[in-house]
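What follows is one structure encoded as structure tokens, with my remarks underneath.
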Amino acid sequence: MEEKDTGQARSLDLQTRTNLFILRRSASINRKYLPSKTEYILFCRPQPSQISVYLEVLKSKVVTDVIQSDNASSNILQVICVLRKLCNHPKLVDNTFYQVMGSMHASHIVEKSGNTIGKGRYQKQKLQYRFEPGDIGLSGKLQCLDLLLSSIFQLSSITKDRVVIVSNFTQTLDIIQGLCDHRCWKWLRLDGKTDTSSRQQLVDRFNKDFGDELVFLLSSKAGGTGLNLIGANRLVLFDPDWNPAIDAQAMARVWREGQAKPVIIYRLLTTGSIEEKIYQRQVMKGEVAASIGGYIDTVTTSKNGGQHFSREELQELFSFHM
């Protein structure tokens, strides 16, 4: 108890000192001028196909080498990218997966898991993703999203609720777009391939009085900041980013000046996976930032662009809790 009191006293002293030369204006200033905002964290149980591929990746030689090596930053980033994509959907296996795992081992993993995506479907074969009804059952988060949107749109003619769906990966948006087409939910989409001259037109079209489009698909990299999407009062953050500021900016797209309805945010996380660990880091860094009245990046970046993780952190990062 004494140690806790000492920590709080020192934190207060640090905040008092930094306030002399740090001026921060957060979104909380606008809180009294905007409708209420409620945020839900939805933990989604992964499906067997996801678990199978995920565990095979964790058991692979490349992950073992990454954990034991002191100089494998490039492989760390690639493995993390593979695991994050698997959390979204096992059909996001692409060339990165084969490069990291090695062609023979990757093919064995894909065959063992029953995943029929095939090597480099997005890149080498240059095929557009084709949604199949069975794809919903391959991902816990996609199942959750399907149920969530079905519930919202069942009453949309009365509530006039619309939804912005944000992801870090355009391939994930392809899958969600396929789900929307399958359910006959009309959508608009803005990502890195969207022509800059037409982006504001898409935003204006969505923000007009209740139209045909119920969903706005948004890439967090291309449209996570600056856009005002008050045509929707619900937002789904499909996957987390290492940097909590990026997620915060993305979630703020619907909670802006001009919003007339209460806002509801849903954050989807795959249970037991790397996404839980990313979110835990966000919470921890957010508490530190709040204690000194500033903002701290979630991941320390080195000069060569890699991320710094201790061996213990890597062992925890590359684990799966059933």
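The values are calculated or read from the model by the stated rules, or taken from the named source; none is laboratory data. Being a predicted model, the structure only gives us computed values, none of them experimental. Virtual Cβ from ideal backbone geometry, glycine too; neighbours counted across all protein chains shown.
Out of the helices (runs of 4 or more DSSP H) lying entirely within the range 125-233, which hold 3 or more residues that are closer than 19 Å to GLN249 by Cα?
On the way: elements: 140-154, 156-159, 170-182, 196-207, 220-223.
Per the criteria, 196-207, 220-223.
Before we move on, is LEU214 touching a Phe, Trp or Tyr at 6+ places or on another chain (Cβ under 6 Å) and touching a residue at least 12 places away in the same chain (Cβ under 8 Å)?
Working: touching a Phe, Trp or Tyr at 6+ places or on another chain (Cβ under 6 Å): yes; touching a residue at least 12 places away in the same chain (Cβ under 8 Å): yes.
Yes, satisfied.
For every residue, the table says whether it meets (1) of a type outside the set (Phe, Trp, Tyr); (2) surrounded by 12 or more Cβ atoms within 10 Å (Cβ to Cβ); (3) touching a helix residue (DSSP H, G or I) at 6+ places or on another chain (Cβ under 8 Å).
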| residue | (1), (2), (3) |
| --- | --- |
| PHE153 | no, yes, no |
| SER156 | yes, yes, no |
| ARG162 | yes, yes, yes |
| SER167 | yes, yes, yes |
| GLN177 | yes, yes, no |
| HIS182 | yes, yes, yes |
| SER198 | yes, no, no |
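Considering only residues of the range 1-24 that are assigned to a helix (DSSP H, G or I) and hydrophobic (A, V, I, L, M, F, W, C), which is farthest from ALA232 (Cα to Cα)? Full working, then the answer.
Looking only at the range 1-24, we keep the residues that are assigned to a helix (DSSP H, G or I), and these are 2-18.
Restricting the remaining residues to those that are hydrophobic (A, V, I, L, M, F, W, C) gives 9, 12, 14.
Details: ALA9: 43, LEU12: 39, LEU14: 40 Å.
Step by step, filter the range 1-24, then rank; the result is ALA9.
Considering only residues that are closer than 21 Å to ASP204 by Cβ and surrounded by fewer than 18 Cβ atoms within 10 Å (Cβ to Cβ), look in the range 250-267 and name the one that is nearest to the chain's Cα centre (by Cα).
Of the range 250-267, the ones closer than 21 Å to ASP204 by Cβ are 250, 252-261, 263.
Pick out the ones that are also surrounded by fewer than 18 Cβ atoms within 10 Å (Cβ to Cβ) and you get 256-258, 260-261.
Values: ARG256: 21, GLU257: 24, GLY258: 26, ALA260: 26, LYS261: 24 Å.
Per the stated criteria, the residue is ARG256.
Can ILE274 be described as hydrophobic (A, V, I, L, M, F, W, C) and farther than 18 Å from VAL166 by Cα?
Numbers: hydrophobic (A, V, I, L, M, F, W, C): yes; farther than 18 Å from VAL166 by Cα: yes.
So ILE274 passes the test.
Only one of GLY231, GLY192 is touching a helix residue (DSSP H, G or I) at 6+ places or on another chain (Cβ under 8 Å) and either without any contact (Cβ under 8 Å) to a residue 24 or more places away in the chain or buried (at least 19 other Cβ atoms within 10 Å of the Cβ) (or both). Can you tell me which?
Values: GLY192 fails: either without any contact (Cβ under 8 Å) to a residue 24 or more places away in the chain or buried (at least 19 other Cβ atoms within 10 Å of the Cβ) (or both).
Only one candidate qualifies: GLY231.
Would you check if SER220 is at pLDDT below 95, crowded, with 22+ Cβ neighbours inside 10 Å and not charged (D, E, K, R)?
Numbers: at pLDDT below 95: yes; crowded, with 22+ Cβ neighbours inside 10 Å: yes; not charged (D, E, K, R): yes.
Taking the combined requirement at face value, the residue satisfies it.
Across the range 25-71, which residue is surrounded by the most Cβ atoms within 10 Å (Cβ to Cβ) among those that are modelled with pLDDT under 80 and not in a helix (DSSP H, G or I)?
Only one residue tops the list, namely SER69.
Taking the condition among the basic types (Lys, Arg), closer than 21 Å to HIS89 by Cα and out of contact with any strand residue (DSSP E or B) (no Cβ under 6 Å at 6 or more places or on another chain), does LYS221 pass? Before the answer, list the steps.
Numbers: among the basic types (Lys, Arg): yes; closer than 21 Å to HIS89 by Cα: yes; out of contact with any strand residue (DSSP E or B) (no Cβ under 6 Å at 6 or more places or on another chain): yes.
Answer is yes for this residue.
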